[in-house]
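Engineer: Sharing a structure, written as structure tokens. Questions coming.
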């Protein structure tokens, strides 16, 4: 009889524990990225009177005779499914669409995981959580070891942009020239026209129209090869008497590469050069428009193109008032977790990724010229970033993929530590390896289903009420037995 009292007490405890979990869920219904908890119950053990008997020729078998002694909490399980995102319009706010975790490092140096993307910049440009933990970055596609390099916005940088040194410029492939834009396909095989005006001994002016060949497979060839092809160009024509003649470019001007530019120097007796494009369908190239040679004036005895390649050095600021100092204006984060920083003059610094997953710095000047780090590992990088100022891991979010999310240990502040039952944790970039993309200007909502929680609350209340009735009934029976002895 007294066992009923103890059994009903386990029910009272179970109901109370369920009600506590429900109250925690309801309290966090508006907590950013909160994950709902659920209580799972199981029976405890049984008092076995008999395990049953086998059947015989004259009688059937009997089933086990057992009496249960109550209920216990088997586990408190969290639902880690992704919730909806709420738009905030604040660029520092971020959410993950799908699986994955942001990685952060608290003031004690401990690396934790969170889905709460309520981030902000501190006075040094570090991206931080609401409690001051630093958001971590990385420069690898995949690793089982976390990075501890924080995301850091280069808020003030020194940028020196100049023509690429001749030695490097000559060796560069034409497809690598940064003035061609992101497609790197601006200069195509073909010819462009040059109208040469030659002053004769009698002071009259003759006109010779030349076609200048920019070379074969120019996008895969070097600048030096392109210049050589121009200098070797010839044009078939006729002289004043109608006789066939071959006009050589080298008889009228020389082509040379300079610091990121191509120059055309007229020879003695040449009064002027006029550059014009040839229709591409007729074997022409858009070199003239890219180099901006049309209407180019004669300066210092030569015609010089716009820069076809610029080099840039990004270093530490030594004079805040210098023309080379660029100050932070805003930042954005792509779905792949790559950070882009915009400066006051409209220039842009970002990190981009290759098809093989490697990353490289890219700087876009206020004029729109893109200058890349060594994107093709050719040794001809045009952009140098001082590692004391910035490394690539400062500008790419590190996300984590946990094999068993249920093994995570809640630490409060919407943060989790990796538990012993989590399995492998893969640290990776966003939008790959089964990890979701990053959305800015939004936060993940709590996944609390309020209707479900109210249902669970009612069930917990009834569990407590029913077991209190059993307790009361058992107590009354004991009281009756006491009175029987009087």
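Every number in this text was worked out from the coordinates using simple rules, so none of it is lab data. Because the structure is a prediction, the values reported are computed rather than measured. Positions of Cβ are backbone-derived with ideal geometry, glycine not excepted, and every protein chain shown enters the neighbour counts.
Engineer: Given the alpha-carbon gyration tensor of the range 166-304, what are the semi-axes of its equivalent ellipsoid in whole angstrom, ordered largest first, with each equal to the square root of 5 times an eigenvalue? Display every interim value, and only then the final one.
Structural biologist: Working: eigenvalues 144, 56, 33 Å².
Here the semi-axes work out to 27, 17, 13 Å.
Engineer: Computed from these coordinates, which is Rg and Dmax of the Cα atoms in Å: (i) 37.9, 151; (ii) 29.1, 93; (iii) 24.2, 77?
Structural biologist: Matching the structure shown: (i).
Engineer: So, one more: For helix 450-484, report the angle its Cα long axis makes with the longest principal axis of the Cα atoms of the chain; keep it between 0 and 90° and round to the nearest 10°.
Structural biologist: 20 degrees
Engineer: Which value in Å is the Kirkwood Rh of the range 32-186 over different Cα pairs?
Structural biologist: Details: mean 1/r = 0.0438 Å⁻¹.
Here the Kirkwood hydrodynamic radius works out to 22.8 Å.
Engineer: Given R₀ = 56 Å, what would the calculated FRET efficiency be for residue 197 paired with residue 321, taking r from the Cβ atoms and rounding to 0.05?
Structural biologist: 0.70
Engineer: Next up: Neighbour counts of other C-beta atoms within 10 Å: give me 323, 274, 142 arranged from fewest to most. Don't skip to the answer; put the middle values down first.
Structural biologist: On the way: 323 9, 274 16, 142 13.
Exposure proxy ranking, most exposed first: 323, 142, 274.
Engineer: Right, next: Round to a whole angstrom and tell me the spacing of the C-alpha centers of the range 113-189 and the range 399-420.
Structural biologist: 29 Å
Engineer: Grab the beta carbon distance between residue 480 and residue 49, set R0 = 22 Å, and tell me the FRET efficiency rounded to 0.05.
Structural biologist: Taking R0 as 22 Å, the efficiency between residue 480 and residue 49 is 0.35.
Engineer: So, by mean Cβ neighbours within 10 angstrom, what's the order for 109-120, 33-44 with the highest one leading?
Structural biologist: 109-120, 33-44
Engineer: To continue, here is another question. With a 10 Å radius around each residue's Cβ, average the other Cβ atoms per peptide and rank 232-243, 388-399, 16-27, highest first. Walk me through the intermediate numbers first.
Structural biologist: Values: 232-243: 11.4, 388-399: 21.7, 16-27: 17.3.
In descending order of packing, they fall as 388-399, 16-27, 232-243.
Engineer: Against the globular-protein guess of 2.2 N^0.38 Å, express the Cα radius of gyration of the range 272-399 as a ratio, rounded to two decimals.
Structural biologist: Details: Rg = 18.6 Å, N = 128, 2.2 N^0.38 = 13.9 Å.
Output field value: 1.34.
Engineer: Treating the angle as unsigned and between 0 and 90°, give the value, to the nearest 10°, between the Cα long axis of helix 2-27 and the longest Cα principal axis of the chain.
Structural biologist: Value to nearest ten degrees: 30.
Engineer: So, one more: Helix-derived [θ] at 222 nm for the chain: sum -39500 (n - 2.57) over DSSP H runs of at least 4, divide by residue count, nearest 500?
Structural biologist: -5500 deg cm²/dmol
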